[in-house]
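J.: The structure's right below; bear with me while I get my questions together.
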Amino acid sequence: MSSTAWRVPLIGALFLFALSAVVLMIMRPLMAIDETRYVTVAWEMWQGGSKLVPHLNGAIYSDKPPLLFWLINIVWSVTGPSEWAARLVAPAFGLLSVGLVAMLARRLWPEEPERAGLAALILGTSGVFLLFGSTTMFDTMLTAATLLGMLAVWAMRDTERFAPVIGLGIALAFGVFAKGPVILVHVLPTALLMPLWATGAERPALKQWYARIGFGFLIGFGIVLLWLGPAIIFGGAEYREQILWKQSAGRMVESFAHGRPVWFFVALLPFFLWPWGWSRAGLATFKPSRLWEDAGSRLATVWFVTAFVAFSLISGKQAHYLVPELPALALILSGLLPTAERRMHWLRLLWLLPGVATAIAAASVHFGAFPDLPEGTGSWLFVIAGVALLVGGALIVLKARQGWFAEAFVAPLVLIAIQIMVWPILWKVYDPAPIASLIASHSENGVATTDRGYAGQFSFVARLEKPVTVLDNSADLGRWMADHPGGLILAAKPIEGADGLSQIAERHFRQDDWRLYQVAETIAPPTSDAAPAPASTAAPNGAN
């Protein structure tokens, strides 16, 4: 491959990721609780809330730093508060990450330019990266920050100039603004373990190296202080405790959300490798001799292994926590040889296994396999359409002369086929718009909810200009009804024994049948022996 031919697969990777991410985004609603929560935080900032301290439903939101919300507000300053404009922000960083992994591969293996294009193609068409890269979450921003950090670390190996040190500081600050101090887990172990991957004459002097790493950390900390200093002053004691302890060190030493067993990521590893690692050539790249054969391979290996071990030991775990390590897997897999692999090429059909499993599950809906789903969420038409797309994918992977060409289309086709097959479920069970439209049309006298874990699921979609009041008990319910005649109350469970309420609608959303009650125009004063409001079973406002 010529020194410029790697750009062709890079352009293909950028195109495939952008097209697939947009199609996947269009095919599903704004998903609760994560996406609806984050867009609601941006919406409250847009409505005039603090630009330093994010808020959710009128309360301080300390779970995440403000970068995503700032960027959504910047986009909205051009487009207005559009849902689709907001949903394009995070995937844009996924696109940036595809370009950055190609740049890093060029630096790691300048004598093998083909690896840059292949690394970009692998990352941009990996199933897990496409899945989370098309959502409004923080992981693509953190991935871009991690890649910038690795570019800076590698440049520090090759030069004594101070520019890469500044670059490392900027990358660390970017990561903190994106998702918090967790960026240190993604970048610093690789930097600190430089003696493992930089050997011989290429290894910098240790004393100088660690001094430069320290300077980079201080630069990043200084940049973060430009926001964090004013934020902890104006956010008050509660925000200081949350942002400085609970959302950083507290998450690591004691799981307060998403507790998982230590083997959680081991079980998910096949999904992280899908589809590129599901081949003979892909698996061959993980031979110890290949992983340790040069400085670039060693850096990628140390990067992935240290993060994998660290997040396995941390109590709280979610599948997307390792998304910033997918570029490391892409770099390792870029060492595969794009051969035809004609022998037993029918094994490529295993790449379609996630789609086949979904087809079986979607078909089983019609036979009562999922009784908790509401009526109308099963459709043979969508199952057949999805299976037809899988058949087309099977023809591509069987007829393609080169395995890497076929693999590039596997995840986009399979993920789109999966979303086609579960289309009725996504839009009838997870779409907040039907309830939000009812809220918007009855919100003039105020909105409250008995769901004590309310996380803004409907606030942005309904374009509410005021927070939803959360009612903790029957006394709160009675007082709110007296103060808001004609007001609207949302309840994930029936409200019984409260005079002056009339149910105006019932809609299924996620696991609950939500009921919308309207308060009568004239309400008697609340009494002390009022029946208690039911406790909500909705999930609390967790951190991700």
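Every number in this text was worked out from the coordinates using simple rules, so none of it is lab data. Being a predicted model, the structure only gives us computed values, none of them experimental. Here the Cβ is made from the backbone with ideal geometry for all residues, glycine too, and neighbour counts use every protein chain on show.
J.: Among 79, 426, 308, which residue has its Cα furthest toward the positive end of the charge dipole of the chain, with +1 on Lys/Arg Cβ and -1 on Asp/Glu Cβ?
T.: In the chain, that residue is 308.
J.: What share of Cα pairs, in percent, lie more than 22 angstrom apart in segment 345-429?
T.: Of the Cα pairs, 29 percent sit more than 22 Å apart.
J.: May I have the count of lysine pairs in the chain with C-alpha atoms under 25 Å apart, counting pairs 8 or more residues apart or located on different chains?
T.: Pairs that pass both the separation and distance tests number 13.
J.: With point charges of +1 on the Cβ of Lys and Arg and -1 on the Cβ of Asp and Glu, referenced to the Cα centre of the chain, which listed residue (138, 455, 216) lies farthest in the positive direction of the dipole?
T.: The listed residue farthest towards the positive side: 216.
J.: Now for a different question. With label points built 7 Å along Cα→Cβ from the Cα atoms of residue 522 and residue 23, find their separation and express it in nm.
T.: It works out to 6.1 nm between the two label points.
J.: Under a Cβ-only charge scheme (Lys and Arg +1, Asp and Glu -1), can you give me the dipole magnitude of the chain about the Cα centre, in debye to the nearest 20? Walk me through the intermediate numbers first.
T.: Details: 38 positive and 36 negative charges, 434 e Å.
Once rounded to the nearest 20, the dipole reads 2080 debye.
J.: Can you compute 3J(HN,Hα) from phi for each residue in segment 136-151, using the Karplus curve 6.51 cos²θ - 1.76 cosθ + 1.60 with θ = phi - 60°, rounded to whole Hz and x for Gly and Pro?
T.: So the J values, rounded to whole Hz, are 8, 9, 9, 6, 5, 5, 5, 5, 4, 5, 5, 5, 4, x, 5, 4.
J.: What length, rounded to one decimal in nm, is gained on full extension from residue 366 through to residue 77, with 0.36 nm per residue of separation minus their alpha-carbon distance?
T.: Length gained, residue 366 through residue 77: 99.4 nm.
J.: Contour minus end-to-end for residue 375 and residue 305, with contour as 0.36 nm per residue of separation and end-to-end as the Cα-Cα distance?
T.: Numbers: separation 70, 0.36 × 70 = 25.20 nm, distance 4.57 nm.
Residue separation times 0.36 nm, minus the Cα-Cα distance, leaves 20.6 nm.
J.: Counting other C-beta atoms within 10 Å, and keeping those with at most 13, which DSSP coil chymotrypsin sites (Phe, Trp or Tyr not before Pro) do you find in segment 130-173?
T.: Here the sparse-neighbourhood loop sites are 162.
J.: Same structure again: With N set to the number of residues, divide the alpha-carbon radius of gyration of segment 1-71 by 2.2 N^0.38 Å and report two decimals. Working shown, then result.
T.: Values: Rg = 18.2 Å, N = 71, 2.2 N^0.38 = 11.1 Å.
Relative to the 2.2 N^0.38 Å estimate, segment 1-71 comes out at 1.64.
J.: Taking 0.36 nm per residue of sequence separation and subtracting the Cα-Cα distance, how much length would be gained by fully extending the chain between residue 159 and residue 199, in nm to one decimal?
T.: Additional length available on full extension: 12.9 nm.
J.: Within segment 463-520, which GluC sites (Glu not before Pro) sit in a loop by DSSP and count at most 15 neighbouring Cβ atoms inside 10 Å?
T.: Working: sites: 465, 496, 506; in loops: 465, 496.
Filter output for segment 463-520: 465, 496.
J.: Suppose each label sits 7 Å from its Cα in the direction of the beta carbon; what would the residue 482-residue 384 distance come out to in nanometres?
T.: In this crude spin-label approximation the distance works out to 6.1 nm.
J.: Determine the dipole magnitude for segment 433-519: charges of +1 sit on the beta-carbon of Lys and Arg, -1 on that of Asp and Glu, nothing else is charged, the reference point is the Cα centre, and the result goes in debye to the nearest 20.
T.: So the dipole magnitude of segment 433-519 works out to roughly 240 debye.
J.: For segment 387-532, count the residues as N, evaluate 2.2 N^0.38 Å, and divide the Cα radius of gyration by that value, please. Working shown, then result.
T.: Values: Rg = 22.9 Å, N = 146, 2.2 N^0.38 = 14.6 Å.
In units of the globular-protein estimate, segment 387-532 measures up at 1.57.
J.: Another one. May I ask you to list the trypsin sites (Lys or Arg not before Pro) in segment 351-439 that are in a DSSP loop and have at most 16 other Cβ atoms within 10 Å of their Cβ? It would help to have the intermediate numbers written out before the result.
T.: Values: sites: 399, 401, 428; in loops: 401.
Those satisfying the criteria are 401.
J.: On to the next question. Could you work out how far the C-alpha centroid of segment 159-217 sits from that of segment 434-478, in angstrom?
T.: Cα centres, segment 159-217 to segment 434-478: 46 Å.
J.: Let me ask something else about it. Semi-axes of the equivalent ellipsoid for segment 433-519, please: Cα gyration tensor eigenvalues, times 5, square-rooted, ordered largest first, whole Å.
T.: So the equivalent ellipsoid measures 18, 14, 12 Å along its semi-axes.
J.: With both partners inside the chain, how many of the DSSP beta bridges are antiparallel, as a percent to the nearest 5?
T.: Values: 15 of 20 bridges.
Counting DSSP beta bridges with both partners in the chain, the antiparallel share is about 75 percent.
J.: Follow-up question, since we're still on this one. So for the chain, taking the charge dipole from beta-carbon charges (+1 Lys/Arg, -1 Asp/Glu), which of 20, 124, 467 sits furthest toward the positive end?
T.: About the Cα centre, the residue reaching furthest to the positive side is 124.
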